[in-house]
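Chemist: If you scroll down you'll find the structure; I have some questions about it.
What follows draws every value from the coordinates through simple rules; no lab data is involved. Small disclaimer: the values here were computed from a predicted structure and weren't measured. Neighbour counts are summed over all protein chains in view; Cβ atoms, including those assigned to glycine, are modelled from backbone coordinates with ideal geometry.
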Amino acid sequence: MAVNDNKVQFGLKNVHYAKILGWSTSSTTGISTPNYADPVSIPGAVNFSADPNGENENFYADNGVYYVINNNAGYSVELEIAIIPQSFAIDILGEKLDDKGVLVERSDAETSEFALFWEFDGDKNHTRYVAYRCAASRPGMNGSTTEDSKTPQTDTLSMQMMALPTGEVKSKTVASTNAEVYNNWYTGVHMPETTTDP
């Protein structure tokens, strides 16, 4: 993109989700890849945190650490937003609208996996992310009485960020990202064309 690398990052915006509609299996490799719906905005992003799952394990030989085994089991994610959109409740959490327009949660609801997008601001450019396979848990509910001042109550989505069968967990834009890819980030899920070793 012909821009400099960021020195710092701050802020959170442009959270989207793209529902996984199904999986296609390659006849040559047998590996499944997801088919995504168009991304849908989740407005009102407040806070995002992702803690890695899986710890490295040391293999000892010759009286020392001989090899470090990498255990990348994705991330545990907490996404705080102003309010969970109805579209997310229906598309991902499996809630249903009845004939009278009432949103109903059922105990036998089937949840759906999805890709998650988000963006952090930076001093030089904004970094855009996509996590390829996420699963959300049912959110809790909270509320409190109104006193002298009104403080908005927020919703928090807990989710697991997992790897695809091909190994990809997430991607992000950097200073060298193609301008067309960067500008169209939220129009579809960008899948890496090649993965090269550093």
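Chemist: Considering only C-alpha atoms, what is the centroid distance from segment 12-48 to segment 69-122, in Å?
Modeler: Their Cα centres are 11 Å away from one another.
Chemist: Name the shape class, rounded, prolate or oblate, that the alpha-carbon gyration tensor gives for segment 120-174, where a ≥ b ≥ c are the square roots of its eigenvalues, rounded holds for a/c under 1.5, and otherwise prolate holds if a/b is larger than b/c and oblate otherwise.
Modeler: The shape class here is oblate.
Chemist: Would you please calculate the Kirkwood hydrodynamic radius of segment 35-119 over all C-alpha pairs and express it in Å, rounded to one decimal?
Modeler: Averaging 1/r across every pair of different Cα atoms and inverting gives 16.6 Å.
Chemist: Could you list the GluC sites (Glu not before Pro) in segment 115-180 that lie in coil according to DSSP, counting only those with at most 12 other Cβ atoms within 10 Å of their Cβ?
Modeler: Counting only loop positions with at most 12 other Cβ atoms within 10 Å, the GluC sites (Glu not before Pro) in segment 115-180 are GLU147.
Chemist: Check LEU12: other-chain or 5+ apart residues with amide H under 5 Å from its amide H, H built from backbone geometry?
Modeler: ASP121
Chemist: How big is the charge dipole of segment 1-67 about its Cα centre, in debye rounded to the nearest 20, if each Lys and Arg gets +1 on its Cβ and each Asp and Glu gets -1 on its Cβ?
Modeler: 420
Chemist: Would you grab the residues whose amide H sits under 5 Å from the one on TRP23? Only those 5+ places off in sequence or on another chain, please, with H modelled 1.01 Å from N.
Modeler: ASN35
Chemist: Connecting C-alpha atoms closer than 10 Å in a GNM of the chain, tell me which of THR177, THR187, THR29 has the biggest fluctuation.
Modeler: THR29
Chemist: Could I ask something else about it? With the Cα gyration tensor of segment 77-158 in hand, convert its eigenvalues to equivalent ellipsoid semi-axes via √(5λ) and list them largest first in whole Å.
Modeler: 26, 22, 11
Chemist: Could you compute how fast the chain diffuses translationally, taking Rh as the Kirkwood radius over C-alpha pairs and applying Stokes-Einstein at 20 °C with viscosity 1.002 mPa s? Give it in µm² per second.
Modeler: In µm²/s, the coefficient rounds to 111.
Chemist: Count of lysine pairs in the chain with Cα atoms under 20 Å apart, counting only pairs 8 or more residues apart in sequence or on different chains?
Modeler: Number of lysine pairs found: 9.
Chemist: Over all directions, the average projected area of the alpha-carbon convex hull for segment 1-57 comes to how many nm²? Walk me through the intermediate numbers first.
Modeler: Details: hull surface 33.8 nm².
Computed as one quarter of the Cα hull surface, the answer is 8.4 nm².
Chemist: Sum -39500 (n - 2.57) across every DSSP H segment of at least 4 residues in the chain, then divide by the residue count to get the 222 nm mean residue ellipticity, nearest 500.
Modeler: One gets -1000 deg cm²/dmol as the mean residue ellipticity at 222 nm.
Chemist: About the Cα centre of the chain, what is the dipole size in debye to 20, counting +1 per Lys and Arg Cβ and -1 per Asp and Glu Cβ, all else neutral?
Modeler: 320
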